[in-house]
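Data first, discussion second: the structure below is written as structure tokens.
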Amino acid sequence: MNYLVIAGHLGADPEVRFTSGGKKVTTLRVAVRTRRANADDTIWYRVSIWGDQFDKMMPYLKKGSAIIVTGELQKPEIFTDRDGKPQISMNITATHIQFSPFGKPDRPSQDGQDSAPANQAFGTPRDNANSVSSGAQTGKAPSMAGETIDDEIPF
């Protein structure tokens, strides 16, 4: 298995489809910006979510939302775009999704608080039980919303 963690922004609202067998599939298009040699580049990932494991999170996700996705990387597909240039499609099957602490709040609630906590994580029960916060990974105390840890890079 190839597991990958990406942090980026949604390029479109989540798309929900159903297979001919009735299984629910939600697709997210995530843009990840990279910087190399003073040049910005964007890599697009198609994230597939099978079933209803992240349904509680979907009302908070819309185009531009900042998220962190962990999942299994599928074999890349090569296709030709409209201009005749070869492109690579990167596909991930999500096992864990988290709101990024670097994104702006999507919808403030009536009391002025964020509608979804920036560090709220969603995943399969197995993943939630084994997940650790970014603070635990760095050996520092977990950060509060809006606060960054030295090892984190804002997107």
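Per the listing Asp111, Asp150, Asp83, the residue uniquely acidic (Asp, Glu), exposed (fewer than 11 other Cβ atoms within 10 Å of the Cβ) and modelled with pLDDT of 50 or more is Asp83. Checking each residue in segment 8-24 for being part of a strand (DSSP E or B) and loosely packed, with under 14 Cβ neighbours inside 10 Å picks out Glu15, Val16, Arg17, Phe18. Residue count for segment 54-91 satisfying the condition of being closer than 20 Å to Asn2 by Cβ, in contact (Cβ under 8 Å) with a residue 60 or more places away in the chain and in contact with a Ser or Thr (Cβ under 7 Å, 6 or more places away or on another chain): 5. For segment 23-75, taking the residues that are touching a Gly at 6+ places or on another chain (Cβ under 6 Å) and either β-branched (Val, Ile, Thr) or at pLDDT below 90 (or both), the one that is nearest to Leu10 (Cα to Cα) is identified as Val30.
Scanning segment 70-104 for residues that are among the hydrophobic types (A, V, I, L, M, F, W, C) and under 18 Å from the mean Cα position of the chain (by Cα) gives Leu73, Met90, Ile92, Ala94, Ile97, Phe99, Phe102. Of note, Thr42 does not satisfy the criterion of being in contact with an Asp or Glu (Cβ under 8 Å, 6 or more places away or on another chain) and free of Cβ contacts under 8 Å to residues at least 12 places away in the same chain. Does Val47 meet the test of being within 23 Å of Ile88 (Cβ to Cβ), of a type outside the set (Ser, Thr, Tyr), in contact with a Ser or Thr (Cβ under 8 Å, 6 or more places away or on another chain) and exposed (fewer than 15 other Cβ atoms within 10 Å of the Cβ)? The answer is no for Val47.
The values are calculated or read from the model by the stated rules, or taken from the named source; none is laboratory data. What you see is a predicted model; the values in this text were computed from it and never measured. Backbone-built Cβ (ideal geometry, glycine too); neighbour counts: all protein chains shown.
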